[in-house]
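Visitor: Have a look at the structure that comes next, please.
The values are calculated or read from the model by the stated rules, or taken from the named source; none is laboratory data. Predicted model, so just to flag it, every value in this text is computed and none were measured. Cβ sites come from the backbone with ideal geometry, for glycine too, and all protein chains shown count toward neighbours. Quick note on the areas: whole protein, heavy atoms, side chains included, nothing else; ligands and nucleic acids left out. Shrake-Rupley method; radii C 1.70, N 1.55, O 1.52, S 1.80 Å.
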Amino acid sequence: MNQAQQAAEQAARTSYGRLVALLAALTGDLALAEDCLAGAFEQALLSWPDGGVPTNPEGWLLTVARNRQRDIWKSSAHRTSDPLELATDQGRDAVSPLDDVDPDAIGDKRLELLFVCAHPAIDPGIRTPLMLQTVLGFHATRIAAAYAVPAAGMAQRLVRAKRRIKNTRIPIAVPDQHDMAGRLATVLEAVYGCYAISWSTQDGLADEARHLAVTLAALLPKEPETWGLAALITLSLARAAGRSETFVPLDEQDVRGWDSELIAEGEAQLRRSSMASAPGRFQLEAAIQAVHCARARTDWPALHTLYSALLKLAPSLGAHVALAAVTAHTSSPETGLEILNTLSQADRFQPFHATRADLLARIGRDKEAAIAFETAAALTDDESLRAYLLRRAAQHT
């Protein structure tokens, strides 16, 4: 990969969300902002190899995208396709907010846009996927895979959500403290989603998710769940240092390869989250990670208690599968399988098939285990995990 491509990819990873937020600041037209920014990236890949990477790639991209946006606003097609009032406003003063932006001092606008996407006027079911795509830069296909739904349907829902933001003129601005607190749960979910999707790809976005979580905690220090999320991601990333190109199951990893400084930081964040009388979802999940990180040997009864509490508070397919895996250790693999057999809509959920395969293998149902391992392998984009699952399948064929 040449220097121009590397610079463009770095800008996409670290600046995509805040650039979209700046471009959409006036009209709330996220689709137009994304189109103009995509055009700017395309132009960068054409001009940077010969002309050199600019000193401030993000500022260069903003300027080019802003010029494209201005040209579209001035076009007759755009003026006639938008309501008269909106087209008139754009033609007169549309670029002034962006003209005031110093490309050399672009702030982190991602949190701002995250709270915008959590606006009550947007369907609650699409808020988190919208944040993942628009602010954090995930393709609709990856988001759909995380939600175990068809990619085409997810893409259509995202398009409708962006259209609603534009048509209802939802302002691209930081809400006041009251509104911010009301939207916080959805924003935390999106930041966690960013971490969860990017964990296996090792593309740097997991670190970005941690940065956003810690920033949110500093912004809203009296909200226990902000510290819970920061602790959850920090403790999870502490184990990333021990990963290698070959997948190793969690309970077989060498703890000496884990990051002790991050573990200490995550534990401190978890203690700060304990200000609440009753723990929230992310506090419970952080406590689960703390159990794993503190192990000389895994405390399965503690994990069973935490996952049972998590399911009462925030039931999810992933938590059900995790409880089944833990129950196999505290009770028996057969009991774990009984839990898995009660779950519906799990056909496209990779952890379900991987856990089921492992439990089937443990009780000697080799043929079924091999099929389940192969199914799990087909549902992951992680090459090392796929290779591990296929090896397990071969062992039981």
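Visitor: Could you please find all residues in the stretch 321-335 being part of a helix (DSSP H, G or I) and among the hydroxyl-bearing types (Ser, Thr, Tyr)?
Guide: Residues satisfying the conditions are Thr327, Thr330, Thr335.
Visitor: Assess whether Ser308 counts as being open to solvent by 40 Å² or more (accessible area, probe 1.4 Å) and farther than 21 Å from Tyr195 by Cα.
Guide: No: the conditions fail for Ser308.
Visitor: Just the residues that are hydrophobic (A, V, I, L, M, F, W, C), crowded, with 18+ Cβ neighbours inside 10 Å and within 10 Å of Ala8 (Cβ to Cβ), please, taken from the stretch 45-61.
Guide: Across the stretch 45-61, the qualifying residues are Trp48, Val53, Leu61.
Visitor: If you go through the stretch 363-386 one residue at a time, how many are in a helix (DSSP H, G or I) and closer than 22 Å to Thr141 by Cα?
Guide: Counting residues in the stretch 363-386 that are in a helix (DSSP H, G or I) and closer than 22 Å to Thr141 by Cα gives 9.
Visitor: Still on this structure, please answer the following. Among what's in the stretch 348-362 and is basic (Lys, Arg) and in a helix (DSSP H, G or I), pick the residue that is least open to solvent (accessible area, probe 1.4 Å).
Guide: Here the answer is Arg356.
Visitor: Just checking, does the stretch 329-336 include any residue being open to solvent by 50 Å² or more (accessible area, probe 1.4 Å), more than 29 Å from the chain's Cα centre (by Cα) and either in contact (Cβ under 8 Å) with a residue 60 or more places away in the chain or farther than 18 Å from Leu250 by Cα (or both)?
Guide: yes
Visitor: State which residue is nearest to Cys194 (Cα to Cα) when the search covers only the stretch 1-44 and only residues that are among the charged types (D, E, K, R) and surrounded by 20 or more Cβ atoms within 10 Å (Cβ to Cβ).
Guide: Taking the candidates together, the pick is Arg18.
Visitor: Turning to a different aspect of this structure: Mind checking which residues of the stretch 304-327 are out of contact with any Leu (no Cβ under 9 Å at 6 or more places or on another chain) and farther than 18 Å from Gly280 by Cβ?
Guide: Thr327 - this is the single residue of the stretch 304-327 that is out of contact with any Leu (no Cβ under 9 Å at 6 or more places or on another chain) and farther than 18 Å from Gly280 by Cβ.
Visitor: Checking Val321 against (1) surrounded by 22 or more Cβ atoms within 10 Å (Cβ to Cβ); (2) over 20 Å from Tyr147 (Cα atoms), only one condition comes out false. Which one?
Guide: (2)
Visitor: Search the stretch 286-302 for residues being part of a helix (DSSP H, G or I) and within 20 Å of Ala328 (Cβ to Cβ), and hand back the single one that is modelled with the lowest pLDDT.
Guide: His292
Visitor: Looking at the stretch 270-284, is at least one residue in a helix (DSSP H, G or I), of a type in the set (Lys, Arg), open to solvent by 60 Å² or more (accessible area, probe 1.4 Å) and out of contact with any Cys (no Cβ under 9 Å at 6 or more places or on another chain)?
Guide: Scanning the stretch 270-284, I find at least one residue that is in a helix (DSSP H, G or I), of a type in the set (Lys, Arg), open to solvent by 60 Å² or more (accessible area, probe 1.4 Å) and out of contact with any Cys (no Cβ under 9 Å at 6 or more places or on another chain), so the answer is yes.
Visitor: Now for a different question. Please identify the pairs in which a residue from the stretch 119-131 that is in contact (Cβ under 8 Å) with a residue 40 or more places away in the chain has its Cβ atom under 8 Å from the Cβ atom of a residue that is polar (S, T, N, Q) and open to solvent by 40 Å² or more (accessible area, probe 1.4 Å), counting only partners at least 6 apart or on another chain.
Guide: Between residues of the stretch 119-131 that are in contact (Cβ under 8 Å) with a residue 40 or more places away in the chain and residues that are polar (S, T, N, Q) and open to solvent by 40 Å² or more (accessible area, probe 1.4 Å), the close pairs are Ala121/Thr168.
Visitor: Right, next: Do we find that Gln345 is surrounded by 20 or more Cβ atoms within 10 Å (Cβ to Cβ), among the polar types (S, T, N, Q) and touching a helix residue (DSSP H, G or I) at 6+ places or on another chain (Cβ under 8 Å) in this structure?
Guide: no
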